[in-house]
1. How much accessible surface does T81 have with a 1.4 Å probe, in Å² rounded to 10?
2. Taking amide H positions as placed 1.01 Å from N in the peptide plane, with prolines and chain starts having none, which residues 5 or more places from K317, or on another chain, fall under 5 Å of its amide H?
3. In segment 51-135, which GluC sites (Glu not before Pro) fall in coil by DSSP and have 11 or fewer other Cβ atoms within 10 Å?
4. Can you tell me the mean projection area, over all orientations, of the convex hull of the chain's alpha carbons? Units nm², please.
5. Considering the Cα trace of segment 93-204, what is its radius of gyration and what is Dmax, both in angstroms?
6. When the accessible area of the chain is computed with all protein chains present and a 1.4 Å probe, what percentage of it is carbon and sulfur?
7. Please build a GNM for the chain, connecting alpha carbons under 10 Å apart, and tell me which residue among R40, R337, R289 fluctuates the most.
8. How much area per residue is accessible in segment 62-159 when the probe is 1.4 Å and only protein heavy atoms are counted (Å²)?
Amino acid sequence: MGLPASLQQTVNKMVSNFPWYLPQHGFKQEHEAVDMVLERLPIVTASMLEAHYYTENNPLAQRDDLYCYRTSGTSSGRRKTIFYSKSDEEEYMRIKLNVFRAILGSHGFQTAMADMGTGHAEATAVEVFSRLGMKVESISFQLPIERHIERLAIFRPEVLYTMPSILDRILHASDDPAAYGIRQVILVGEIASPVWLRQAAKRLGISREQITDTYGSIEIGTIAYFSHEHGRYLLSEGLIAEGIRPEEIGDGLDPLSEKEERVLVLTSTLREAFPALRYVTYDVVRDLRPIMVDGSLQQSFQGIVKRIGPDLKHGEKISIYDIENVVFEHLGDASVRVKVAGNTLIVYIYSPAATTEVMERIQSSLENRIPEIGMMIQARILESIRVLRGTFEDSLYSSAVKNKKIFYE
């Protein structure tokens, strides 16, 4: 059975916009892929993107009709640039508006605050809420936490759009978070555990159902949101989801221990300026399957377990490449392990030369490797990166950076 017409169009668009995609896998002509089922087409991995998309000679960089967004680094030291066409941007806004309408429902909220750091979500937040007919205020990530608290107390937004890491700092810095009058929280960014979400809701004086997690990426846009009605994340329009095993990706990734856990792979029928055909997100999701929503099947998953790729979120994206480059600028020989515990990023280092002074320099360099992260830490709306001494006995340390592995607690 060949591809459905919509997917054939997606493949044709991919071949036209990114001629390197199929030849890399033995396909020389467009028609050779059209008759293939989706699962037999090549996956788009981080290494493929580094070789062909995140390059200085990407033809898209020469166009002046595209939006561009930058995020953390690659193995070559370059920061990643992700392009959006005018159509991409319009579809991003349309889908995000629909997702926010579904989340906000018919409660008639009038005011919203965006406390988002930087990136695509932050750049479009004010316009999204304005189009929903709401009075909206956005606060800069460069302002100290006291100003964030001050604006919340004065503006008293009914809806707060923020990241788990920023909300965590707000809750810790506030005597009585419930006094802000927030009635709905929309989250995006780091993985938020169910336990943390319940604690956050309690501090804000709202029910757990009044905090909604959304899931997206700068490469794809809005991917899914958590439906309290269904108890699952529902995928956004225009996306086709697959779940694959790490062994199918390669790059030395370890197998998953749970049978129902899979790496999420996405195909977008709407994106133009990014190769979103079987794009590997490197996010591990649980129980990926379609369910009935309003009389039709919609792809869904139970939750996001962890990331197994080279990037992680700490306010903004930072990559293993960024971390290892900083460490080896200060230490010629070291073993490194990267761990995420809640909203804390911890880097364990073992080296005989890792004196207290060197470790402090590494911490400072790490926090400023991504300037936006450094500014958020300085403003105290993001927790500092912890740099600790590791132990030689833990053999995992010596392979963690090499295998681009992040450990989650």
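1. So the heavy atoms of T81 present about 30 Å² to solvent.
2. For K317, the qualifying residues are S72.
3. Hits after loop and neighbour filter: E56.
4. Over every viewing direction, the Cα hull of the chain projects on average to 20.8 nm².
5. Over segment 93-204's Cα set, Rg and Dmax evaluate to 13.2, 38 Å.
6. Result for the chain: 47 percent of the exposed heavy-atom area is carbon or sulfur.
7. It is R40.
8. Numbers: 4580 Å² over 98 residues.
Accessible surface, normalised per residue, equals 47 Å².
The values are calculated or read from the model by the stated rules, or taken from the named source; none is laboratory data. Nothing here was measured: the structure is a model prediction, and the numbers come from that model. Neighbour counts run over all protein chains shown; Cβ positions are idealised from the backbone, glycine included. Calculation scope for accessible area: heavy atoms of the full protein, side chains included, ligands and nucleic acids excluded. Shrake-Rupley method; radii C 1.70, N 1.55, O 1.52, S 1.80 Å.
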